Amino acid sequence: MPPTQSPPANDPLGYGFAVAGAILFSTKGIFIKLAYGAGVSTEMLLSLRMIVALPVYLVILLTILRREDKLRALLTPRIVLASMAVGILGYYFSSYLDFLGLNFVSAQYERLVLFTYPFFVLLFGVSLFGDRLVWRVVPPMLVSYAGLMVIFGWNLAVNPDGLLAGTLLVLGSAISFALYQHLAKRQMLVIGAGLFTCIGMSTAAVCAIAQNLIIAGPQSYLTVTPTIWGYGLALGVLGTVLPSFLMNAGMARIGARATSSTAAFGPVVTILLAVVILSEPFTLYHGVGTALVLVGSVLFSRAERKARLAIG
């Protein structure tokens, strides 16, 4: 494996990819909530998402392998198995926890909890991958978590049922996705973002489809309404295929920590869509909590970027 190189400190195209991916990913919770309202199970909805996405990744995978002899030569059993395992972590396990959590919490709260994953990217980097901890990034993290506690407290007073379970599930999704980002970066340095994405996502898709087949059986797909298939299509294309390639392309150019810092657009878009489409409440508490989360994230991103520039 070639030595890890430091990503460039200023790459507008890389940041553009990451921002576009974050915005598209933010629509996922809206489609999931709409589908749940139509009566679909978590396992079925996740499998529909992957049924839509899987052919796209397989076609792109075959195209890459046919055209890129050098990449094909890199696909040793070890690299393939490692990419499959990382894909399961980021695209199946993390997604499944997130889908489960949305049974209990609102779309905008879910997005804000997921928004904490850059902090876990930093913690994993320091504890497992040799990154330096810069203490000035800690206060912004505390500001963001204070914002989450404001909204958590409002939900606890108004609608506490399932709140703790939903929060823990979504938080577990954020933690596993943060670990995925570090592991995925190392795989992409070897085989490239496109090939890794196809292998990882295809493997995760097979896992999700197999899970639903085991739980509900093949006949369950015969009962899916056109409306639910439409939500699955939207999740597969807008909430999976496009943002996954955009995020991984951005990660390959600017690194995991910088990519995670561009996620600020996601919660804003989710909140707007949740209020307009899902009619979710947005009170003063939501405003204060959201502002704290976003301010904390912006301050965190600035401190993290200054630290990267100072180091390299």
*Would you tally the residues in segment 120-154 being touching a Gly at 6+ places or on another chain (Cβ under 9 Å), in a helix (DSSP H, G or I) and of a type outside the set (A, V, I, L, M)?*
8
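Residue 208: outside any loop (DSSP other than H, G, I, E, B), of a type in the set (A, V, I, L, M), closer than 20 Å to residue 117 by Cα and modelled with pLDDT of 90 or more, yes or no? So that I can check it myself, show each step before the final result.
On the way: outside any loop (DSSP other than H, G, I, E, B): yes; of a type in the set (A, V, I, L, M): yes; closer than 20 Å to residue 117 by Cα: no; modelled with pLDDT of 90 or more: yes.
Criteria not met by residue 208.
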*Go through segment 91-119 and give me each residue that's part of a loop (DSSP other than H, G, I, E, B), among the polar types (S, T, N, Q) and either farther than 28 Å from residue 276 by Cβ or out of contact with any Lys or Arg (no Cβ under 9 Å at 6 or more places or on another chain) (or both).*
103, 116
*Scope segment 263-293; condition crowded, with 22+ Cβ neighbours inside 10 Å, within 21 Å of the chain's Cα centre (by Cα) and either among the small types (Gly, Ala, Ser) or not in a helix (DSSP H, G or I) (or both); matching residues*: 263, 266, 274
*In this structure, is residue 168 part of a helix (DSSP H, G or I), at pLDDT 95 or above and within 17 Å of the chain's Cα centre (by Cα)?*
yes
*List every residue pair whose Cβ atoms sit under 8 Å apart, with the two residues 6 or more apart in sequence or on different chains, where the first one lies in segment 35-53 and is in contact (Cβ under 8 Å) with a residue 12 or more places away in the chain and the second, anywhere, is part of a loop (DSSP other than H, G, I, E, B) and surrounded by fewer than 20 Cβ atoms within 10 Å (Cβ to Cβ).*
36/103; 38/225; 40/224; 42/103; 44/224; 48/224
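What residue, of 29, 16, 39, is surrounded by 23 or more Cβ atoms within 10 Å (Cβ to Cβ) and either of a type outside the set (Lys, Arg) or at pLDDT 85 or above (or both)? First the steps, then the outcome.
Working: 16 fails: surrounded by 23 or more Cβ atoms within 10 Å (Cβ to Cβ); 39 fails: surrounded by 23 or more Cβ atoms within 10 Å (Cβ to Cβ).
Sole residue among the options that is surrounded by 23 or more Cβ atoms within 10 Å (Cβ to Cβ) and either of a type outside the set (Lys, Arg) or at pLDDT 85 or above (or both): 29.
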*From (1) surrounded by fewer than 19 Cβ atoms within 10 Å (Cβ to Cβ); (2) at pLDDT 95 or above, pick out the condition that doesn't hold for residue 190.*
(2)
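The values are calculated or read from the model by the stated rules, or taken from the named source; none is laboratory data. Quick caveat, the model's predicted, so the values are computed rather than measured. FYI the Cβ positions are ideal-geometry reconstructions off the backbone, even for glycines, and counts take in every protein chain you see.
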